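Below is one structure, written out as structure tokens; the observations come after it.
The values are calculated or read from the model by the stated rules, or taken from the named source; none is laboratory data. Everything quoted here is computed from the prediction, not taken from an experiment. Every residue, glycine as well, gets a Cβ built from its backbone with ideal geometry; the counts of neighbours run over all protein chains shown. Please note that ligands, DNA and RNA were not included when accessible areas were found on the heavy atoms of the full protein model with its side chains. Shrake-Rupley method; radii C 1.70, N 1.55, O 1.52, S 1.80 Å.
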Amino acid sequence: DVCADLFNESNEYVEALNLFKVSMGDASDAALGYAETVSAAMGIDPAEWITNQGTFQRMATGFGIASDEAEIMSRNLTQLAYDMSSFFNTDVKTAAEKLQSGMSGQIKGLKAWGYNLSVAALQETALSIGIEESVRNMTEAQKAQLRYITLIQRSNGVMGDMAKTIVTPSNAMRVLDAQITKMKRSLGNLVSVIATRVIPYIQAFVEIAAEAAESLAD
């Protein structure tokens, strides 16, 4: 059971990495390097980072935003998710899901944290940057970019919170949990190598045992 748990941890990272590379396209190597840099500096789990950034990237490109702009947005939104989790004392998954819902136009989750992404709020953001076109007439890509700008503008007090409070008990526990996960993944990689070499022999033994049982039954 322990080996299976370690193996699953390793396998889930491989799947997350494959999805990340497909989502990020040509920017995958640079984005992965950035994720590893953040992981080394902050002690976070890189698998969680690439899963969230890959999701934000797919959302942005799905709205019709150019891939290079989507890469910047996905990186910043992922970073904001970590700062939100620290600031509002919740897990990164919850913060990321709220941001993903907000970027999709579902504003209820973020509203509880003081973020207003209503049409009126987006129109206010548009006017502040010199855009007079009605939000209701905008494309999905334009609306998504306005939501992104609004989130960034209204996160001045939140951005950088994890770095500023990294030594607090709650953040220290998050870092410790991420380090334990990384350790389990490393052990899972070892288990995977061993399993790849041992499983064929086990399969052969099971097949021989099954044939022997059938012969005895006959």
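Quick notes on this structure:
- Condition broken by Ala121, with the remaining ones in (1) surrounded by 15 or more Cβ atoms within 10 Å (Cβ to Cβ); (2) under 19 Å from the mean Cα position of the chain (by Cα); (3) of a type outside the set (Val, Ile, Thr) satisfied: (2)
- Against the test of being at pLDDT below 95, open to solvent by less than 40 Å² (accessible area, probe 1.4 Å) and not in a helix (DSSP H, G or I), the options Gly114, Gly105, Gly109 yield a single qualifying residue, Gly105.
- Just one residue in the set Glu71, Glu36 is buried (at least 22 other Cβ atoms within 10 Å of the Cβ), of a type in the set (Asp, Glu) and farther than 22 Å from Thr94 by Cβ; that residue is Glu71.
- Of the residues making up the stretch 170-183, none is part of a helix (DSSP H, G or I), of a type in the set (Ser, Thr, Tyr) and open to solvent by 100 Å² or more (accessible area, probe 1.4 Å).
- Residue match in the stretch 16-27 (condition: more than 26 Å from Arg154 (Cβ to Cβ) and acidic (Asp, Glu)): yes
- The stretch 128-183, residues that are over 21 Å from Ile44 (Cβ atoms) and either in contact with a strand residue (DSSP E or B) (Cβ under 8 Å, 6 or more places away or on another chain) or β-branched (Val, Ile, Thr) (or both): Ile129, Ile131, Val135, Thr139, Ile149, Thr150
- Criterion violated by Ser155 - all others in (1) in contact with a helix residue (DSSP H, G or I) (Cβ under 8 Å, 6 or more places away or on another chain); (2) open to solvent by less than 50 Å² (accessible area, probe 1.4 Å); (3) in a helix (DSSP H, G or I); (4) not basic (Lys, Arg) satisfied: (3)
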